[in-house]
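For reference, the structure discussed in these notes is given below.
The values are calculated or read from the model by the stated rules, or taken from the named source; none is laboratory data. Computed from a predicted model, the values in this text were never measured in an experiment. All Cβ positions, even for glycine, are placed from backbone atoms using ideal geometry, and neighbour counts span all protein chains on display. Surface accessibility is based on the protein's heavy atoms, side chains included, excluding ligands, DNA and RNA. Shrake-Rupley method; radii C 1.70, N 1.55, O 1.52, S 1.80 Å.
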Amino acid sequence: MSVTVTETTAAAVEFAKTNGKQFVEELKELLRIPSVSTAPEHRDDVRRAAQFCADELTRIGMEHVELIETATVDRPGGHALVYAEYLQATGKPTVLCYGHYDVQPAEPLDEWKSPPFEPTERDGNIYARGAVDDKGQMWMHVKAIEALMVAGHGVLPVNLRVILEGEEEVGGEGIAKFVREHGARLKADVALVSDTEMFAPDLPTLCVGLRGMIYTEIEARGARTDLHSGMYGGAAPNPFVALAQVIAKLKDEDGKILIPGFYDKVAAPTVAELQAWKALPFDEEEYREAEIGSSALTGEPGFSALERTWARPTLDVHGMPGGFVGSGAKTVIPAKAVAKVSLRLVPDMTPAESFAQYKSFVESICPKGIQLEVRLIHSGDPIVVSTDNEYVRAATESMREVFGKETVFVRGGGSIPIVGDFVRELKTPTVMMGFGLPDDNLHAPNEKFHLANFHRGIESIIRFLAKVGAA
Ligand code: BES
Ligand code: MN
Ligand code: MN
């Protein structure tokens, strides 16, 4: 008789405990690779990170491990997907494990207490760019699979496909195209995504909704060339002032977006959801002080901070390249300036319609003497996933066994563009079981991953995969 699933699970958990330190050392190696997907100068590093993941998936016994190219003539910057599978568990369900191996830029570098690509352990955390978003969380999947593989002597209790992307932080176009064209290769009963946060320390959390987004650039052009601001100031249009005027008309002081029709499709959360959010351990004043660190919170009156960040659209400006930004002073009227502006979307808004509304409104408020070009850089759909299925139950049971607590369901204000495609294109129910913490500094200096959560994440994933296989 073969060993029972529970014995395999226990052996896998044991293996993960014994080898926890080694797992962290391997993760550090991956974190040393600066796989910044948006930076062309890091193209080889992004590739090295993909290869590193592929090599490890091969080593732990996954099959048909492959780097899938996404670069094409019209998208030469596309980064590879990493694919692996194990489909020997005849008659068992298939889990699609998703993660991303690319990271955000590390700047501003002088704000880091230890260098972003020299992973450093301090106070039970590992600090590095990508520690929690998403290399550390992706590594939990790989290590959970390894533990089950060792415990089962090369036999897994469930079928698996693994898909890792290197473009999540720049919109995920490559994987979206792959899903459209080769969706069958990712066929699974459930997708598991670990790229979100826990609501509070020690509180097991499933993320059940993400905002979508449109990321745009507005380019303003005035004079034919840069001009002396003394000779021409008062007569020549200034593209920065023009952009400031445009931006100021996009959102009022209360945080309401002024684009006509923008809110038409916004769906209110259900009464049950709103009630559940009210019961979460959350204090707006503490959030303002501890997490944001500003003198006030902003946003639409009549909505709680959780509603505003999870269930309402918003607009932000990320940077305005152009003109003179060196130290000292230069008196110039730049010929052109750019504003990088993104809008977060919520169900049932669509990127195409929202962008069209935004573009025509921006064009309609173009100041005199200025030409505006509104460009869409990338976009992704908002999504709310179902919580009423056996996979969500397997996830909450797994986390109960590890954390000794009931799981809370939250939404996330961030975006993971491919999740919408898993659900809508592939019709694959998706479980977002993430182990980041609110103070993990995603996208910011001193990003970290709490090591206890790395280990608890691995154990939760081991249990989840075993439970799905046993169902
Ligand atoms: N992992 C985040 C998204 C996230 C963070 C979801 C916290 C929920 C809670 C992801 O890597 C991310 O940062 N996505 C980008 C997507 C964009 C560039 C298309 C984002 O949200 O800005
Ligand atoms: Mn991420
Ligand atoms: Mn991110």
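For the chain, with all protein chains in place and a probe radius of 1.4 Å, 52% of the accessible heavy-atom surface sits on carbon or sulfur. Straight Cα distances below 28 angstrom link LYS28 to the lysines LYS17, LYS113, LYS135, LYS143, LYS448, with same-chain residues fewer than 8 positions distant left out.
Straight-line reach from LYS340: taking Cα to Cα under 20 Å and skipping same-chain neighbours fewer than 8 places apart, the lysines in range are LYS249, LYS251, LYS256, LYS359. In the chain, the DSSP beta bridges split such that about 70 percent are antiparallel, to the nearest 5. The stretch between ALA296 and ARG59 holds 80.2 nm of extra length on full extension. This uses 0.36 nm per residue minus the Cα-Cα distance. Between segment 313-348 and segment 403-471, the alpha-carbon centres lie 32 Å apart.
List the lysines whose Cα lies under 17 Å from the Cα of LYS330, skipping any in the same chain that are fewer than 8 positions away. Those lysines meeting the cut-off do not exist here. The packing ranking of peptides 192-199, 351-358, highest mean first, is 192-199, 351-358, where packing means the average number of other beta carbon atoms within 10 angstrom of each residue. Taking 20 °C and 1.002 mPa s as conditions, the chain diffuses translationally at an estimated 91 µm²/s according to Stokes-Einstein applied to its Kirkwood radius (Cα pairs). Farthest towards the positive end of the charge dipole of segment 232-387, among the residues PHE361, ALA242, TRP310, is the Cα of ALA242, using unit charges on the Cβ of Lys, Arg, Asp and Glu. Projected label points at PHE282 and HIS182, each 7 Å from Cα along the beta carbon direction, are separated by 4.0 nanometres.
Net length available on complete extension from ALA272 to SER327 is 14.5 nm, with 0.36 nm assigned per residue and the Cα-Cα distance removed. Per-residue SASA remark: THR331, around 90 Å² accessible (1.4 Å probe; ligands, DNA and RNA not included).
Placing unit charges on the Cβ atoms only, positive for Lys and Arg and negative for Asp and Glu, gives the chain a dipole magnitude near 780 debye about its Cα centre. In this structure the chain gives 44 Å² per residue of accessible area when probed at 1.4 Å with all protein chains present.
Each label was represented as a point 7 Å from its Cα along the Cα-to-Cβ direction; for LYS256 and ASP110 these points are 4.2 nm apart.
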